[in-house]
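The values are calculated or read from the model by the stated rules, or taken from the named source; none is laboratory data. Here the structure is a predicted model, which is why all the values come from computation and not from measurement. Please note: Cβ atoms are built from the backbone with ideal geometry, for glycine as well, and neighbour counts cover all protein chains shown.
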Amino acid sequence: MLRPGAMEHGTVRVQGNRATPGDAVPVVVLAAEQYNMLVRLAQEGAPPQLRVDLGARFQAGPDSYNVFAEIPGSDPVLREEVVLIGAHLDSWHTATGATDNADGVAAVMEAMRILSKLEARPRRTVRAVLWSGEEQGMLGSNAHVARFLRDETARGRISVYLNDDPGSGPSYGFYMQGNAAAKPLFDGWLEPLRDLGVRRNVIEGINATDHLAFDAAGIPAFTVIKDFKNYDTRFRHTNADFADAVSAGDLKQSATVLAAFAWQAATRDERIPRRVQISK
């Protein structure tokens, strides 16, 4: 089956569905301009002939893995509590996934390197997590919450989860997921970083990416606000999502913001406030 891509100017977005049956007809996505040329030929009574070299493979149920690394907490009382920072490893096959989400992964790794290089001794444990299977439905983060955070005691040990996904460019602040109690705290942490180009935190949430698994479990979980200028129109899940779309300066800024927020969360006396649940 041939399908036109939803993009323009030669950009091709290819995705998939984990519910696709094993005997489904292979689908080839073409750039809209190329697909439209074939349609015009067919409409003019000159059905085109195509030679297609299809190298797709179908793998049923392969294992995948989340990656963890941590800086142990130094406080005898608080070190069992954890500040999580994370991004996701997987991407789509049209390119290398530079903006979705290799840039987030790089920012998380660099934030941990910064804290390690400074020989920081956070009171709580700071744990970096690189998730797998986000693009297939947040499989890695959902599986982690379901397996390791089953009860309130385990969930209570997670002080906060800070996520770096969708969008590209520098970090401007955080989506607060409706957590009004935590927003003044995050606003205060943003102030010393104004010279890095941060702007504000917004109370609204965003309904995508791995922080939702933690938010659904009642754990404070937020993802960064990024620039969407070319993200949805050009890079996300397309054949243009290569390293040229990423700025080294933006990665450094994102890592610095993430390291600063992780440090603040890991050194304060209390955990991050939980969102007040309003019963209907």
Original post:
Is at least one residue of region 148-159 in the same structural domain as Ser91 (by TED's automatic domain parsing) and either among the aromatic types (Phe, Trp, Tyr) or within 13 Å of the chain's Cα centre (by Cα) (or both)?
Top reply: yes
**OP:** Check off (1) β-branched (Val, Ile, Thr); (2) under 21 Å from Gly137 (Cβ atoms); (3) surrounded by 12 or more Cβ atoms within 10 Å (Cβ to Cβ); (4) not assigned by TED's automatic domain parsing to the domain that holds Ile219 for Thr99 and give me the number that stays unchecked.
**Re:** (4)
**OP:** Would you mind stating whether Ala111 is touching a residue at least 24 places away in the same chain (Cβ under 8 Å), assigned to a helix (DSSP H, G or I) and either exposed (fewer than 10 other Cβ atoms within 10 Å of the Cβ) or touching a strand residue (DSSP E or B) at 6+ places or on another chain (Cβ under 8 Å) (or both)?
**Re:** yes
Original post:
Pick from region 132-170 the residues that are of a type in the set (Ser, Thr, Tyr) and touching a Leu at 6+ places or on another chain (Cβ under 6 Å): which of them is farthest from Gln15 (Cα to Cα)?
Top reply: Tyr161
Subject >> Residue within region 48-59 that is surrounded by 10 or more Cβ atoms within 10 Å (Cβ to Cβ) and either more than 30 Å from Ile219 (Cβ to Cβ) or not assigned by TED's automatic domain parsing to the domain that holds Thr96 (or both) present >> reply: yes
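Yes/no per residue for (1) under 24 Å from Gly205 (Cβ atoms); (2) part of a helix (DSSP H, G or I):
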residue	(1), (2)
Asp100	yes, yes
Ala107	yes, yes
Leu115	no, yes
Pro122	no, no
Val126	yes, no
Gly133	yes, no
Ser141	yes, yes
Gly169	yes, no
Phe174	yes, no
**OP:** Take region 225-277 and flag every residue that is surrounded by 15 or more Cβ atoms within 10 Å (Cβ to Cβ), within 26 Å of Val160 (Cβ to Cβ) and of a type in the set (Phe, Trp, Tyr).
**Re:** Tyr231, Phe261, Trp263
Original post:
Condition test on Ala6, is it farther than 22 Å from Asn230 by Cβ and of a type in the set (A, V, I, L, M, F, W, C)?
Top reply: no
Original post:
Can you find a residue in region 144-157 that is in a strand (DSSP E or B), closer than 30 Å to Pro62 by Cβ and either at pLDDT 95 or above or touching a Ser or Thr at 6+ places or on another chain (Cβ under 7 Å) (or both)?
Top reply: no
Subject >> Unique match (being within 26 Å of Leu149 (Cβ to Cβ), modelled with pLDDT under 95 and among the β-branched types (Val, Ile, Thr)) among Ile206, Ile225 >> reply: Ile206
Original post:
Here is a list of conditions, (1) modelled with pLDDT of 95 or more; (2) among the hydroxyl-bearing types (Ser, Thr, Tyr); (3) not assigned by TED's automatic domain parsing to the domain that holds Met112, and Ser279 meets all of them except one; can you say which number that is?
Top reply: (1)
Original post:
Consider Ala128 against the criteria (1) out of contact with any helix residue (DSSP H, G or I) (no Cβ under 9 Å at 6 or more places or on another chain); (2) surrounded by 15 or more Cβ atoms within 10 Å (Cβ to Cβ); (3) not assigned by TED's automatic domain parsing to the domain that holds Gln15: it satisfies all of them except one. Which criterion is unmet?
Top reply: (1)
